[in-house]
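Written out below as structure tokens is the structure these notes cover.
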Amino acid sequence: MKRLAVFASGNGSNFEAIAKYKNEVYEVKLLICDQKDAYAFRRAERLNIPFYVVNFKDYKDKASYETEILKYLKEYEIDFIALAGYMRLIGDVLLSEYDNKIVNIHPSLLPAFPGLHAIEQAINYGVKVTGVTIHYIDEAMDRGKIIAQKSLSINNEMSIDDVEKKIHKIEHLLYKKVLEEILRGDNKDEKSID
Ligand code: GRF
């Protein structure tokens, strides 16, 4: 069994979907969060998964902040990291220790609409198709090799809330399965799951 850590900053619905997914390849063993009042902690409590807050403001720089996180990752013998609504860029300390072992989920079809409010950006732009991307991460925001994408057709009758609900539904189904494929070694890099 591979041991997975999830990093989140807020609500944590993706964390919960991944953590509840029973499979023979991985188990979520740890939640790391950079916000002390993140709702994700309540979910971790309910699921009986250890969780830690590491507050960036308590450290002199990103390297020392990530060295603290690394301590927990070592303690829990974490093999792989899934970012799920984690609002920080990953720095050198974690990138070099977990080379090719950190993935992220983003609510648009990257490279379109990286960054904050991706769903709103897509709606405001007037796109007719948007979706969800799962990708390896690098030092830049929402960049890195794409692993899987799923598209969603939208129209101007739909509110932000409608689109958000549909995107989250896709995310909750897709992320856990893609993680299973990657960690089982089945993912052939450029797979598109439709
Ligand atoms: C998701 O839409 C994810 O794609 C983005 O942040 C959101 C996190 O939602 N990176 P949640 O905290 O998992 O509910």
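The values are calculated or read from the model by the stated rules, or taken from the named source; none is laboratory data. All values reported here derive from a predicted model rather than from experimental measurement. Positions of Cβ are backbone-derived with ideal geometry, glycine not excepted, and every protein chain shown enters the neighbour counts. Just so you know, the surface numbers come from the protein's heavy atoms only, side chains and all, with ligands and any DNA or RNA stripped out. Shrake-Rupley method; radii C 1.70, N 1.55, O 1.52, S 1.80 Å.
One table, with the values for the structure above:
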| read-out | value |
| --- | --- |
| Label-point separation in nm, ASN11 to MET141, each point 7 Å along Cα→Cβ | 2.0 nm |
| Cα gyration tensor category, rounded, prolate or oblate, for the stretch 101-194 with a/c compared to 1.5 | prolate |
| Tensor-based shape of the stretch 123-171 (alpha-carbon gyration tensor, a/c under 1.5 rounded, otherwise prolate or oblate) | prolate |
| Dimensions in Å of the chain - Rg and Dmax from alpha carbons | 16.2, 49 |
| Tally of Lys pairs whose C-alpha atoms are under 19 Å apart, taken over the stretch 64-160, 8 or more apart or cross-chain | 4 |
| Percent antiparallel among DSSP beta bridges (both partners in the chain, rounded to 5) | 40 percent |
| Environment charge of ASN155, counting only residues whose C-beta is closer than 11 Å and scoring Lys/Arg +1, Asp/Glu -1 | -1 |
| Within the chain, longest stretch free of exposed trypsin sites (Lys or Arg not before Pro) [DSSP loop, at most 13 other beta carbons within 10 Å] | 61-127 |
| For the stretch 18-68, convex hull of alpha carbons as volume per residue, Å³ | 85 Å³ |
| Linear extension gain, ILE160 paired with GLU77, 0.36 nm per residue minus alpha-carbon span | 25.9 nm |
| Exposure ranking of ASP58, ASP142 by accessible area [1.4 Å probe, largest first] | ASP58, ASP142 |
| Cα gyration tensor, the stretch 19-113 - rounded (a/c under 1.5), prolate or oblate | rounded |
| Accessible surface of TYR76 - all protein chains present, 1.4 Å probe, nearest 10 Å² | 40 Å² |
| Rounded tilt (10° steps) of 62-75 against the dominant C-alpha axis of the chain | 70 degrees |
| Filter on LYS2/LYS36; LYS62/LYS176; LYS22/LYS57 - keep pairs with C-alpha separation over 32 Å | LYS22/LYS57 |
| Segment ASN124-GLU27, extension gain: residue separation times 0.36 nm, minus the distance between their alpha carbons | 31.1 nm |
